[in-house]
Amino acid sequence: PKASYANLIALVARVAKASTFAVDYRLTPEHRFPAQLDDVRAAYRWLLVNGTDPRRLVVAGDSAGGNLTLALLCDLRDRGLPLPSLGIALSPATEFDTIQPSMTANENSDWITGPMALTWRDWYCSADERVLPLVSPVHADLRGLPPIYIQAGRAEILYDSICAFVLAAKQQGADITFESWPDMNHVFHFFGNDAPQSAEALRRIGEVIAQNVQKQAVAQ
């Protein structure tokens with residue numbers, strides 16, 4: 001993975017008390033959808049082929065990686081592949097075809113601006129692909145997925161889109177938990193232990209993973 005993510009991956013690994021497998025998937029604008037999804041699916045298949053028990057797997061990502069996490073869960077289900085025990089999405093991009101009010105309302109409080117987000121969207125997919133469920137998970141069939149845990153900052157430009165996804169998931173009866181922190185921006189987890197909000201969010205990730213592990217142990 002890129003060096004810029006080494007610290008965040010380490011922070012999550014520490015609270016999860018688990019080994020991590022980070023995918024250095026192809027990036028835009030050189031590679032467009034579905035290259036990224038193909039890469040993470042291939043990595044997931046590799047883990048299974050090499051003996052990893054999916055019941056002990058947690059798929060997680062932030063921002064674009066959060067989008068891929070949600071898309072991968074749907075893709076694995078549709079392909080009939082074994083599902084991981086839990087999906088975690090931090091500040092995920094959930095819709096590319098709709099511009100929600102927070103895109104502009106929170107622009108002064110986030111480090112991502114609306115124009116930046118729209119540029120990245122256009123790098124990722126074509127206009128007619130924006131509505132696809134594997135691009136915009138807000139439109140996906142979210143039934144039959146493992147539990148999903150989402151965190152976000154209420155001051156980020158994607159906040160309303162994340163809320164829309166959570167609402168759609170709940171309306172479909174998905175097992176989803178959403179927690180948010182006031183005044184925090186996009187992927188505030190990078191602050192690590194330097195900010196109480198990010199420290200708490202990381203602690204909660206560890207708790208959710210531990211609870212999931214306990215449930216899997218009981219189920220076995």
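Within region 161-181, track down each residue that is in a loop (DSSP other than H, G, I, E, B) and of a type in the set (S, T, N, Q). Show your work before the answer.
So in region 161-181, the residues in a loop (DSSP other than H, G, I, E, B) come out as 172-175.
Correct list: 172 only.
Which residues, taken from region 121-160, are assigned to a helix (DSSP H, G or I), of a type in the set (Phe, Trp, Tyr) and buried (at least 18 other Cβ atoms within 10 Å of the Cβ)?
124, 159
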So which residues in region 63-106 are closer than 14 Å to residue 41 by Cβ, assigned to a helix (DSSP H, G or I) and of a type in the set (A, V, I, L, M, F, W, C)? 68, 70, 71, 72, 73, 74, 76
Among residues of region 39-85 being of a type in the set (A, V, I, L, M) and open to solvent by 30 Å² or more (accessible area, probe 1.4 Å), the residue farthest from residue 166 (Cα to Cα) is 49
Out of the residues in region 182-196 that are over 19 Å from the mean Cα position of the chain (by Cα) and part of a helix (DSSP H, G or I), state the one that is farthest from residue 109 (Cα to Cα). 193
Under 6 Å by Cβ, and 6 or more places apart or on different chains, what pairs join a residue from region 1-24 that is free of Cβ contacts under 8 Å to residues at least 60 places away in the same chain with one that is charged (D, E, K, R) and in a loop (DSSP other than H, G, I, E, B)? 1/24
Scope region 86-120; condition of a type in the set (Phe, Trp, Tyr) and surrounded by fewer than 21 Cβ atoms within 10 Å (Cβ to Cβ); matching residues: 111, 120
Filter region 24-38 for residues that are of a type in the set (A, V, I, L, M) and outside any loop (DSSP other than H, G, I, E, B); the one that is surrounded by the most Cβ atoms within 10 Å (Cβ to Cβ) is 37
When only residues in region 162-205 that are open to solvent by less than 60 Å² (accessible area, probe 1.4 Å) and at positive phi count, which is modelled with the highest pLDDT? 187
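The values are calculated or read from the model by the stated rules, or taken from the named source; none is laboratory data. Here the structure is a predicted model, which is why all the values come from computation and not from measurement. Glycine also receives a Cβ, built like all others from the backbone with ideal geometry; neighbour counts cover every protein chain displayed. Calculation scope for accessible area: heavy atoms of the full protein, side chains included, ligands and nucleic acids excluded. Shrake-Rupley method; radii C 1.70, N 1.55, O 1.52, S 1.80 Å.
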